[in-house]
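What follows is calculated from the coordinates using simple rules that are stated; it is not laboratory data. Not measured: the values here are computed from a predicted model. Here the Cβ positions follow ideal geometry from the backbone for every residue, glycine too, while neighbour counts run over all protein chains shown.
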Amino acid sequence: MKLGDVELEFRADRVAIVQGTENPTVRVWFSLRPTASQSVGRQPATVTVLLDCSGTMRSFRMNEEEARRWIQTARERSELRLVESDRRTVHQLTGQTLQDVRTSARCSLAVAASALEKMAAELHDSDVCCLVGFATRAGILHDGRRRLRRQSLQDVLHRIQEDPASPGLGDDTRMQEATRIAATMLKGDPSARRVRRLIVITDGIIQDDVDTLRELEEIRNEKIGVTTIGVGQEFNEEFLTRVADWTGGTYHYARTAEEIEKRLAEDFGVFQSIAGTDLTVSARGLEGAVVTAVTQLTPQTRMFEEVRLRDDWYQVEVGDVYGGTGLGLMSEFSLPWLSTGKHTVGEIQLEWRDPETRATTKGGHLVHVDCLAPNSPGPAVDPEVEGMFFRLQVYRAERHAQWAQESGRPGAATVRLREASTILRHLGEPELAERFEQQAADIEAEHPDSDRTKTLKDWVRRLAQRKEEERE
């Protein structure tokens, strides 16, 4: 179905059920993509980057053996200090030891600055990119809105790579003030038709997370998506995923400079053009059916924090439809007992705006099922839609495992992780299944692996997108 410059596709996992089936359900996968004829050009972008410049971001990336060796060297030279950073005591090297380490190792801040420098090289003259650093304090490191600047963005980022302490913003990780600055920078004339995005790169535990969320609400109300990138192993991935989901953005885990570069390039390629804005999805059950969930699956799996119930409609605000990837979602319907014959059990309505004309476009779909007599042969199931649902179940299992751990129920967490492992083996993902098994074993042994935890959270959000890429 083509509506303007967007193509809609609706596919149910089944078109028939057998009467008397226990807990019958119908799941509808639907996607919005730019049409092949659409020329979704490279639209001007206004991007603000919040870069963590705290003490831990300035810590050098090395293995435990290398760290012990350099600490011992610094201690012998009397060039070692203990300082508080991100509520942790960390070793700080000084003098010649610091210079020696700089020649053989890089800190997370330098790695992030290097990746951002490559992203900056891809910006167009019409783009506006601002850089705000945050630690104990916040500071504008580069204001792309000003035409006359002493330094280019590349110059600023290059200096950070050479001297990570150059921002001089302290050692803690406080983001509220930087978020307030970003909100001001990202505000603009809606008639300018600019793509607006906030990117957050951090390796720490945000110490003022509640206040930061309050500031982020203004950005969210402006319908600006937030990309969050966590580096290292100490950051709060739950906070970063929540920010991304809440604002309609994306979350990434990046361990190396190459991964940060890849995630930035991937994300920038997605949001640099918009096929539709202000997408709202409404679903309702008919003939006694009930909508149990509407979930985004691609480009990243996302559960909506806010759901509106209006009359008999279940409604969520999705946000922008990006020209690079489009969007894929799933609506789930729980069915009542039905008499044999054909039934219309649900309806899905989509509404969005054209990014250029601001005209509203609407599209919809009725969900039909044929209820077969008892003891009829089992009806066919669409394997691709079923596969997408299984990928959603893996994501849900990981989420429930996390919540169980947070509430002090490790046993429930391991059950959920092993459920995910079973589904993944069914999907032909043995490597990922093994990682879930190992994660469950680590929780039972009370020694969870931080890197594996963060990697799994990142992977499960992309399971459906990986399947879409294979299909294409």
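Data overview
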read-out: Mean ellipticity per residue at 222 nm, deg cm²/dmol - from DSSP H runs of n ≥ 4 across the chain, formula -39500 (n - 2.57); value: -11500 deg cm²/dmol
read-out: The chain - share of DSSP beta bridges that are antiparallel (%, nearest 5); value: 70
read-out: Degrees, to the nearest 10: 257-271 long Cα axis against longest axis of the chain; value: 50
read-out: Footprinting exposure proxy for E446, E9, E215 (fewest neighbouring C-beta atoms within 10 Å first); value: E446, E9, E215
read-out: Estimated inter-spin distance, K362 and E317, nm [label 7 Å along Cα→Cβ]; value: 1.9
read-out: Relative contact order (percent, whole number), segment 384-471, Cα cutoff 8 Å, 6+ residue spacing; value: 29
read-out: Sorted by Cβ density within 10 Å, fewest first, the residues V47, V415; value: V415, V47
read-out: Convex hull volume per residue in cubic angstrom - Cα atoms of segment 384-471; value: 78
read-out: Normalised alpha carbon radius of gyration of the chain [divisor 2.2 N^0.38 Å]; value: 1.07
read-out: Test item: Cα-centred dipole of the chain, Lys/Arg +1 and Asp/Glu -1 on Cβ, debye; value: 840
read-out: FRET E, pair Q96, Q393, Förster distance 51 Å, beta-carbon r, rounded to 0.05; value: 0.35
read-out: Exceeding the 22 Å Cα-Cα cut-off - candidates K118/K262; K262/K467; K187/K223; K187/K262; K262/K457; value: K187/K262
read-out: Sequence of T256, T202, T357, T228 once ranked by neighbouring C-beta atoms within 10 Å, starting from the fewest; value: T357, T256, T228, T202
